[in-house]
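See below for the structure under consideration.
Quick note: the coordinates plus some simple rules give every number you see, no bench work behind them. In this text, all values refer to a predicted model and were calculated from it rather than measured experimentally. Here the Cβ is made from the backbone with ideal geometry for all residues, glycine too, and neighbour counts use every protein chain on show.
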């Protein structure tokens, strides 16, 4: 079981799609997705609520103060078609043909920054090749004026 899209854009584990989008965000210059609205989980910072030995409380209080700034809101970032991809459900829904074209264009531009030999293993493999497959699927959907569906 995993994520499949129409037009051959993606086939693989949900966790691979998550990791792929994490890297897309990284190469696009976004903050780590784990800190962004829609990805941020308060439970990930449970360690900050623990009682620490005397002397460790001052550094931990700094982390607690910073934690109040999360999650980072998307509205505070420059709009990009990549946000459509990064915010989309990883298991259902669809992306319009126009958004597919915009995402494909943004990913194509991003490809310049991605090393050719970046191997992520598993259901991703070569990161550039997997990204190109997603671009190709988006363009197929766009050219057919069909939505890219997530199943």
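Values for this structure:
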{"quantity": "Helix axis angle, 14-28 relative to the chain longest principal axis, alpha carbon, degrees", "calculated": "80"}
{"quantity": "Proxy reagent accessibility, fewest Cβ within 10 Å first, across 120, 100", "calculated": "120, 100"}
{"quantity": "0 to 90° range, to nearest 10: angle between helix 57-67 axis and the chain longest Cα axis", "calculated": "30"}
{"quantity": "Expected 222 nm ellipticity per residue - DSSP helices of 4 or more, -39500 (n - 2.57), all of the chain, to 500", "calculated": "-13500 deg cm²/dmol"}
{"quantity": "Candidates 64, 21, 41, ranked by Gaussian network fluctuation over the chain, Cα under 10 Å, top entry", "calculated": "64"}
{"quantity": "Equivalent ellipsoid semi-axes - Cα gyration tensor, the stretch 71-151, angstrom", "calculated": "20, 18, 14"}
{"quantity": "Gaussian network model of the chain, springs between alpha carbon atoms under 10 Å - residue of 95, 66, 124 with greatest fluctuation", "calculated": "66"}
{"quantity": "Label selected from (1) 1.06; (2) 1.30; (3) 0.96, the criterion being Rg/Rh (Cα atoms, Kirkwood Rh) as computed here", "calculated": "(1)"}
